[in-house]
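Asks: Mind having a look at this structure? Questions to follow.
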Amino acid sequence: MLTNQVRPVPDTGATVMTRAADDRPILTATGITKRFPGVLALDNVHLELRRGEVHALCGENGAGKSTLMKIITGLYQTDEGEVVFKGEKRHFQSIQEAQAVGITMIHQELNLVPHLTVAENIYLAREPRKGLFINNRKMEADAQVYLDRLKVNIKASDPVLSLTVARQQMVEIAKALSLNAEVLIMDEPTSSLTESEIDRLFEIIQELKAQGVGIIYISHRLDELRRIVDRVTVMRDGRYVSTRDLAAITVDDIVAAMVGRALEDKFPERTSTPTAEEIFAVHGLSRDKVFENIGFTLRRGEILGFAGLMGAGRTEVARAIFGADPKTRGTVTLAGRALDIRSPIDAINAGIAYLSEDRKLNGLAVRMSVKDNITMANMAAVTDRFGFINDAAERKAAQRYVGLLNIKTPSLTQIVRNLSGGNQQKVVIGKWLFRDSRVLFFDEPTRGIDVGAKFAIYQLLDKLARDGVGVILITSELPEILGMTDRVVVFHEGEVTGILETRQTSQEEIMQYASGVKHMSC
Amino acid sequence: MAITEIGVQDRKMNLDRKDLIQKFAALAGLVLLVIAFALTSTAFLTMSNGVTIALQTTSIAFLGFGATCVIITGGIDLSVGSVLALAGVVAGMVAKEGIPVPIAMAVGVIAGGVCGLINGLIITRMRLPPFIATLGMMMVARGVALQITGARPVSGLGESFGVLGNGSLLRVVEEGANGFPKVVFPGIPYPVIVMVVLAIVIAILLLKTTFGRHLYAIGSNEEAARLSGVNVARTKIGAYVLAGLLAGLCGCVLMSRLVTAQPNEGVAYELDAIASAVIGGTSLVGGVGTISGTVIGAFIIGILRNGLNMNGVSSFIQMITIGLVIIVTVWIDQMRNRK
């Protein structure tokens, strides 16, 4: 499977490698290779950051961006290749080591302790002391200096939990300044900010830039890059693709580099065709402050996609339909019968299954066996009328799905934690197939699994649809939407902004609906 | 890909081996204890001492079985020591009213179950952490037991009240040459028989029934269990009710042995129960644990106490020893869970 994969050649010809004397890099990573058990996470990746540069790092989910950042910041150690910081080869063994020399990362999920004050957070684990005690006055005064430099109206003595997310982010930046950061890595910094907050953030980034700080900027919002970014490095499937001056390229160029040209090879041919028969419908589904008036239908043989940005409400809608979260109103109809779903038990009994986006958190009992996980949602089928588990029946059922889904496991009693990501996902799928589910929600089913396993999951989705099972695919990867679905429901901030025929749409059009630029009611 | 699979298999065999080592470590520890005490004390390895050990271990085991079920769900039950006192006192007071002893004890056991039910409801409906809920119950149940008895033992319960705790099966007594009765075989005490039956029943419950499977599923990943359609609240309540019923039974047996209902009985017994489960390989994180392990754990504690006693070791040194055993066994368990 893997050998047939057409690997697009990196367009190195266009790679900008000019090194003027005054813009010598502050940080270079060359030939970075990182293996995890069963997965090659990074394969010979390069990145070069100059002083006073904002350098965007782009790639789809799973492209290896965060693994690369974890190596640069000392959380992971690289297997091959080297990181050079200010002309010196470095092997950071911990985040603290990287921070000490001036490399700091601000994570998307901010790392602040809510019950401490701003100053206490900025100086956490390096509190200035006077004798045995913390020198609070000095700590707050010092913290205030950095906050004032950012021209933000935050008092160092404020508790962090009283601040908005945008202000908490400013605290993180102040913390980075206090660490004398010369390299600052920002992961999706704008994902939870309002327009005016983004403007302020960008001003601050410009100021940091003027001070000579090199900034690695990770964002999915490609339209923002134009405002601050100098160069862009694109990664795909754990490999380096290209580094370009932003001025020389368009957003479409970046998308093309991110997706690759071998898109069609990533997905199997669809063998199911949608019929006119409507098997599942949702109308007017709402949950206060989360999503509003959601409606869609699913036809036999169809794969329906849910697209949208992070936090658009796709997962929340699926969980509400499944009864895992509450809903305020709305109707759910399966095969013409209205359902009253109040808990996952009701949904499962009706034939609806939800494969959660985080397998380990919500999908699998990782310390239990393959067999126990497969039969977990349908114990009644393997117990006798006295409530005792029939071992033979249970093994037979588990064996059937291990075979059917080609789950690679040494035995049925293998603990699920020891399987690879792809095989774990198949175990979850096996669980729901054994339950005879009629509608399956797949929430990010291919996240964190390797290319070969992805292909097998895609084939399975197609087969399910062909067998008449309703398949709803929730994914943040637009190529998956384009490659696998028949229609796509696009979400934007808790609303459905468009329902599109996949064949007649494009990534760009979906993004326009997902970002709220286009709206079907307009 | 082939390499990956071999890797997985390798790791699997490794884990299994570690699992076995842990299991045998506890059992081997038990055997070593027996050998060591047999060498240091001639009275240790006798029939009557064996019966004594078994009898002393029963109360730890009853509570340990309940603790195992609760801890498998990722919970904890600190109230069983107090609940057993309340249950025993209730059984004693009911019996004192002239109600037949079996019915009185059944009422006591049910009182224990009600305490467990309340624990379960507080944990699932009020969503309090099990530690807090059962800490509260520990104080409430003890307080109720002291209040309803006026902090005085309930005595004069009649001989029949002592049968469960003091009677035994197949006891053989001969009249000796000097006219005094001579015990040929001390018999199997009823509490020991109850322990064996309970161990088998609860082991089957855990391994062979949907309820047992759901306990493990909840402890392994509560959200995954919920999303798989497991009735999490009901299953958890079931675990606490079971722990309560077993505490109630333990209380009846203990009070029966004394033929007096003592509201002060069972203080800190919950810690022995938790220790026996943990020594036997039950993980406080949840999802892991067996009854056979808990039986071994209970006997390790019972034999340590008995053997150290026979060697004239003070009860303070006994506490130190058992404390160290807990720390070392859990450390071994942690090593097993780390890769």
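Asks: Does A:ILE204 satisfy the condition of being assigned to a helix (DSSP H, G or I), among the hydrophobic types (A, V, I, L, M, F, W, C), in the same structural domain as A:GLU224 (by TED's automatic domain parsing) and open to solvent by less than 50 Å² (accessible area, probe 1.4 Å)?
Replies: Values: assigned to a helix (DSSP H, G or I): yes; among the hydrophobic types (A, V, I, L, M, F, W, C): yes; in the same structural domain as A:GLU224 (by TED's automatic domain parsing): yes; open to solvent by less than 50 Å² (accessible area, probe 1.4 Å): yes.
Taking the combined requirement at face value, the residue satisfies it.
Asks: Please pick out the residue among A:SER196, A:SER192, A:SER157 that is open to solvent by 20 Å² or more (accessible area, probe 1.4 Å), small (Gly, Ala, Ser) and outside the structural domain of A:VAL213 (by TED's automatic domain parsing). Spell out the reasoning first.
Replies: On the way: A:SER196 fails: outside the structural domain of A:VAL213 (by TED's automatic domain parsing); A:SER192 fails: outside the structural domain of A:VAL213 (by TED's automatic domain parsing).
On inspection, the qualifying residue turns out to be A:SER157.
Asks: Within region A:86-104, is even one residue at pLDDT below 90, touching a Lys or Arg at 6+ places or on another chain (Cβ under 7 Å) and over 25 Å from A:ASP245 (Cβ atoms)?
Replies: No: region A:86-104 contains no residue that is at pLDDT below 90, touching a Lys or Arg at 6+ places or on another chain (Cβ under 7 Å) and over 25 Å from A:ASP245 (Cβ atoms).
Asks: Among the residues of region B:225-238, is there at least one that is touching a residue at least 24 places away in the same chain (Cβ under 8 Å), surrounded by fewer than 19 Cβ atoms within 10 Å (Cβ to Cβ), more than 7 Å from every other protein chain (Cβ to nearest Cβ) and under 15 Å from the mean Cα position of the chain (by Cα)?
Replies: no
Asks: Are there any pairs, at least 6 apart or on different chains, whose C-beta atoms fall under 9 Å, with the first in region A:318-335 and closer than 17 Å to B:VAL230 by Cβ and the second part of a loop (DSSP other than H, G, I, E, B) and open to solvent by 60 Å² or more (accessible area, probe 1.4 Å), and if so, which?
Replies: A:GLY323/A:ARG342
Asks: Report, by residue number, each residue of region A:35-51 that is buried (at least 16 other Cβ atoms within 10 Å of the Cβ) and part of a loop (DSSP other than H, G, I, E, B).
Replies: Within region A:35-51, A:GLY38, A:ARG51 qualify.
Asks: Name the residues in region A:94-106 that are part of a loop (DSSP other than H, G, I, E, B) and under 19 Å from A:SER66 (Cβ atoms), would you? Talk me through it step by step, then tell me what you get.
Replies: Filtering region A:94-106 down to residues part of a loop (DSSP other than H, G, I, E, B) leaves A:94, A:102.
Answer for region A:94-106, where residues must be part of a loop (DSSP other than H, G, I, E, B) and under 19 Å from A:SER66 (Cβ atoms): just A:SER94.
Asks: Identify all residues within region A:498-522 that are more than 11 Å from A:PHE306 (Cα to Cα) and not in a helix (DSSP H, G or I); write none if there are none.
Replies: Matches in region A:498-522: A:GLU501, A:THR505, A:SER506, A:SER515, A:GLY516, A:VAL517, A:LYS518, A:HIS519, A:MET520, A:SER521, A:CYS522.
Asks: Right, something else. For region B:269-320, give me each residue that is part of a helix (DSSP H, G or I), open to solvent by less than 40 Å² (accessible area, probe 1.4 Å) and among the hydroxyl-bearing types (Ser, Thr, Tyr).
Replies: Here is the first cut: in region B:269-320, the residues part of a helix (DSSP H, G or I) are B:269-279, B:291-310, B:315-320.
Restricting the remaining residues to those that are open to solvent by less than 40 Å² (accessible area, probe 1.4 Å) gives B:270, B:272-279, B:291, B:293-294, B:296-298, B:300-304, B:306-308, B:318.
Across region B:269-320, the qualifying residues are B:SER276, B:THR294.
Asks: Out of the residues in region B:55-99 meeting the condition of being free of Cβ contacts under 8 Å to residues at least 60 places away in the same chain and not β-branched (Val, Ile, Thr), tell me which one is least open to solvent (accessible area, probe 1.4 Å).
Replies: The residue in question is B:GLY98.
Asks: Please determine, by comparing only the residues of region A:353-363 that are open to solvent by 20 Å² or more (accessible area, probe 1.4 Å) and not in a loop (DSSP other than H, G, I, E, B), which one is nearest to the other protein chains (Cβ to nearest Cβ).
Replies: The extreme case among them is A:ASN362.
Asks: Could you tell me whether A:VAL366 is within 11 Å of chain B (Cβ to nearest Cβ) and either open to solvent by less than 30 Å² (accessible area, probe 1.4 Å) or touching a strand residue (DSSP E or B) at 6+ places or on another chain (Cβ under 8 Å) (or both)?
Replies: On the way: within 11 Å of chain B (Cβ to nearest Cβ): yes; either open to solvent by less than 30 Å² (accessible area, probe 1.4 Å) or touching a strand residue (DSSP E or B) at 6+ places or on another chain (Cβ under 8 Å) (or both): yes.
Judged against the criteria, A:VAL366 is a match.
Asks: Something else now. Looking at region B:196-215, which of the residues that are open to solvent by less than 20 Å² (accessible area, probe 1.4 Å) and among the β-branched types (Val, Ile, Thr) is farthest from A:THR383 (Cα to Cα)?
Replies: B:ILE202
Asks: Search region A:325-352 for residues being at the interface with chain B (Cβ under 9 Å from one of its Cβ atoms) and touching a Phe, Trp or Tyr at 6+ places or on another chain (Cβ under 7 Å), and hand back the single one that is nearest to B:VAL285 (Cα to Cα).
Replies: Across region A:325-352, the extreme among qualifying residues is A:PRO344.
Asks: Output the qualifying pairs, or none if there are none: Cβ atoms under 7 angstrom, residues six or more apart or on different chains, first residue in region B:203-224 and in contact (Cβ under 8 Å) with a residue 24 or more places away in the chain and more than 8 Å from chain A (Cβ to nearest Cβ), second residue polar (S, T, N, Q) and open to solvent by 20 Å² or more (accessible area, probe 1.4 Å).
Replies: Short answer, once both residue conditions are applied: B:ALA203/B:SER292.
Asks: Quick check on A:ALA377: is it of a type outside the set (S, T, N, Q) and either in the same structural domain as A:ARG447 (by TED's automatic domain parsing) or in contact with a Gly (Cβ under 9 Å, 6 or more places away or on another chain) (or both)?
Replies: Judged against the criteria, A:ALA377 is a match.
Asks: Quick check on my filter: what residues within region B:144-168 are more than 22 Å from the chain's Cα centre (by Cα) and of a type in the set (A, V, I, L, M, F, W, C)?
Replies: The initial filter retains those residues of region B:144-168 that are more than 22 Å from the chain's Cα centre (by Cα), namely B:144, B:146-161.
Hits for region B:144-168 are B:VAL144, B:LEU146, B:ILE148, B:ALA151, B:VAL154, B:LEU157, B:PHE161.
Asks: Which residue pairs have Cβ atoms under 7 Å apart, sit 6 or more places apart or on different chains, and have a first residue in region A:127-143 that is in the same structural domain as A:ALA174 (by TED's automatic domain parsing) and touching a residue at least 60 places away in the same chain (Cβ under 8 Å) and a second that is outside any loop (DSSP other than H, G, I, E, B) and among the β-branched types (Val, Ile, Thr)?
Replies: Sorted first by the residue in region A:127-143, then by its partner, the list stays empty.
Rundown of residues vs (1) out of contact with any Leu (no Cβ under 7 Å at 6 or more places or on another chain); (2) under 23 Å from B:THR73 (Cβ atoms); (3) at pLDDT 90 or above, yes/no style:
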| position | (1), (2), (3) |
| --- | --- |
| A:ILE348 | yes, yes, yes |
| A:ALA353 | no, no, yes |
| A:GLU357 | yes, no, no |
| A:ASN362 | no, yes, no |
| A:ILE374 | yes, yes, yes |
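Asks: How many residues does region A:138-154 hold that are at pLDDT 90 or above, among the aliphatic types (A, V, I, L, M) and either surrounded by 15 or more Cβ atoms within 10 Å (Cβ to Cβ) or assigned to a loop (DSSP other than H, G, I, E, B) (or both)?
Replies: The qualifying residues number 4.
Asks: To continue, here is another question. On the basis of being over 21 Å from A:LYS463 (Cβ atoms), facing chain B (nearest Cβ under 9 Å) and modelled with pLDDT under 90, does A:ASN423 make the cut?
Replies: Details: over 21 Å from A:LYS463 (Cβ atoms): no; facing chain B (nearest Cβ under 9 Å): yes; modelled with pLDDT under 90: yes.
Here the answer is no, as A:ASN423 does not meet what is asked.
Asks: Kindly establish whether A:GLU109 is surrounded by fewer than 21 Cβ atoms within 10 Å (Cβ to Cβ) and assigned to a helix (DSSP H, G or I). Please lay out each step first, then the result.
Replies: Values: surrounded by fewer than 21 Cβ atoms within 10 Å (Cβ to Cβ): yes; assigned to a helix (DSSP H, G or I): no.
So A:GLU109 fails the test.
Asks: If I filter region A:18-34 down to residues being closer than 11 Å to A:ASP79 by Cα and either among the basic types (Lys, Arg) or crowded, with 17+ Cβ neighbours inside 10 Å (or both), which single residue comes out as modelled with the highest pLDDT? Talk me through it step by step, then tell me what you get.
Replies: Residues of region A:18-34 closer than 11 Å to A:ASP79 by Cα: A:31-34.
Going one step further and asking which of them are either among the basic types (Lys, Arg) or crowded, with 17+ Cβ neighbours inside 10 Å (or both), we end up with A:32, A:34.
Numbers: A:ILE32: 94, A:LYS34: 91.
Out of the qualifying residues, it is A:ILE32.
Asks: If the requirement is being over 21 Å from A:LEU461 (Cβ atoms) and part of a strand (DSSP E or B), which of these qualifies: A:THR243, A:THR297?
Replies: Values: A:THR297 fails: over 21 Å from A:LEU461 (Cβ atoms).
Checking each option against the conditions leaves just A:THR243.
Asks: Within region B:178-195, does at least one residue satisfy the condition of being within 11 Å of chain A (Cβ to nearest Cβ) and either among the charged types (D, E, K, R) or out of contact with any strand residue (DSSP E or B) (no Cβ under 6 Å at 6 or more places or on another chain) (or both)? Walk me through it before giving the result.
Replies: So the first thing to find is which residues in region B:178-195 are within 11 Å of chain A (Cβ to nearest Cβ), and the list is none.
No, region B:178-195 contains no residue that is within 11 Å of chain A (Cβ to nearest Cβ) and either among the charged types (D, E, K, R) or out of contact with any strand residue (DSSP E or B) (no Cβ under 6 Å at 6 or more places or on another chain) (or both).
The values are calculated or read from the model by the stated rules, or taken from the named source; none is laboratory data. The model shown is predicted, which means the values in this text are computed figures rather than measured ones. Methodologically, a virtual Cβ is constructed for each residue, glycine included, from the backbone with ideal geometry; neighbour enumeration extends over all protein chains shown. Accessible surface is based on the protein model in full, side chains and every heavy atom, while ligands, DNA and RNA are left aside. Shrake-Rupley method; radii C 1.70, N 1.55, O 1.52, S 1.80 Å.
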